[in-house]
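Right, one structure below, let's go through it.
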Amino acid sequence: MDRIENVPTNTFTGLLGVGKTSAILDLVARKSSDEKWAILVNEFGDIPIDQAAFAESDIEGVRIREVAGGCLCCTAGVPLQVALTLLLRETHPDRLLIEMSGMGHPGSVLFSLREGRLSEALDLKATICLVDPRDVDEPDIRASQIFQDQVHLADVLVANKIDLADSHEIEVFENWSRDLYPPKLSVEKTTNGVLEASWLDLDADPMKVPLFPELHGEDEHHHHDQKAQPEAASLVAGVPFRSKN
């Protein structure tokens with residue numbers, strides 16, 4: 001097998017529903033027809049909803065693999081390495097895009113990509129974090145450690161769904177993003193997940209480290225709670241359902 005080296009790799013982060021899948025679908029739809037792209041999708045749960053969305057698009061020159069049943073921040077060891085190795089061998093891609101779960105913490109994933117066994121195969125480019133500008137004005141979201149580290153570790157910050165935000169919410173986003181430290185390579189606003197392809201080629205900052213490296217030990221990161229929980233006998237509207245696999 002030919003040696004695979006320096007595949008440009010971008011990680012997409014952001015909370016559930018901010019438009020990561022739509023953004024990636026739009027990017028691959030506009031890629032050059034002579035390029036092969038690979039996409040690793042992380043779906044936290046038993047049903048790979050995001051991969052179904054990709055499969056329906058049926059884009060030529062794109063290979064998709066998913067890591068389901070747990071967030072990539074938990075599987076940044078062997079499962080992530082295996083999934084990436086298979087994807088790279090199957091595709092020999094010109095570019096790799098990784099979509100993390102909305103509840104995923106990017107710190108361990110970025111470290112694994114940069115320092116793990118596949119570090120020579122990957123050329124880690126900008127991490128792109130999408131946010132809904134309406135969320136920025138919500139105290140509970142701003143206080144979320146996952147949200148804070150998704151934003152902090154991003155190189156490019158994009159306010160998506162800007163058409164759904166009012167002028168006050170846009171102003172709050174602009175003031176908040178302007179005060180972020182260290183500053184982002186780029187802070188952008190868009191609608192329908194439309195991103196500039198040139199943002200993918202921006203270099204990642206290798207010196208960034210998580211604000212909350214021990215987040216997995218925190219009680220608020222509920223899907224890491226090791227205490228046994230009785231499974232619900234049936235689904236109840238408004239009540240979270242937890243399944244272990």
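Taken together, the values in this text are just the output of simple stated rules run on the coordinates, not laboratory data. For clarity, every value in this text was computed on a predicted model and none was experimentally measured. Here the Cβ is made from the backbone with ideal geometry for all residues, glycine too, and neighbour counts use every protein chain on show.
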> For the pair THR85 and SER144, what calculated FRET efficiency results from E = 1/(1 + (r/R0)^6), where r is the Cβ-Cβ distance and R0 = 30 Å, to the nearest 0.05?
Replying inline: 0.40
> Using the C-alpha gyration tensor of segment 94-134, what are the square roots of 5 times its eigenvalues, in whole angstrom, with the largest one first?
Replying inline: 22, 12, 8
> How many angstrom separate the Cα center of segment 130-154 from the Cα center of segment 8-32?
Replying inline: 18 Å
>> Expected output is a single nm value to one decimal: the length gained when fully extending between ASP201 and ASN6, i.e. 0.36 nm times separation in residues minus the C-alpha distance. What is it?
In response: 68.9 nm
> Between GLU60 and PHE111, what FRET efficiency follows from the Cβ-Cβ distance if R0 is 30 Å, with the result rounded to 0.05?
Replying inline: 0.35
> Which of the pairs LYS36/LYS189; LYS20/LYS125; LYS31/LYS125; LYS161/LYS184 have their Cα atoms more than 26 Å apart in this structure?
Replying inline: LYS36/LYS189
>> Quick check: net charge around ASP2, other residues with Cβ under 14 Å of its Cβ, Lys/Arg +1 and Asp/Glu -1?
In response: -1
> One-quarter of the Cα convex hull surface for segment 122-209, in nm²?
Replying inline: 5.9 nm²
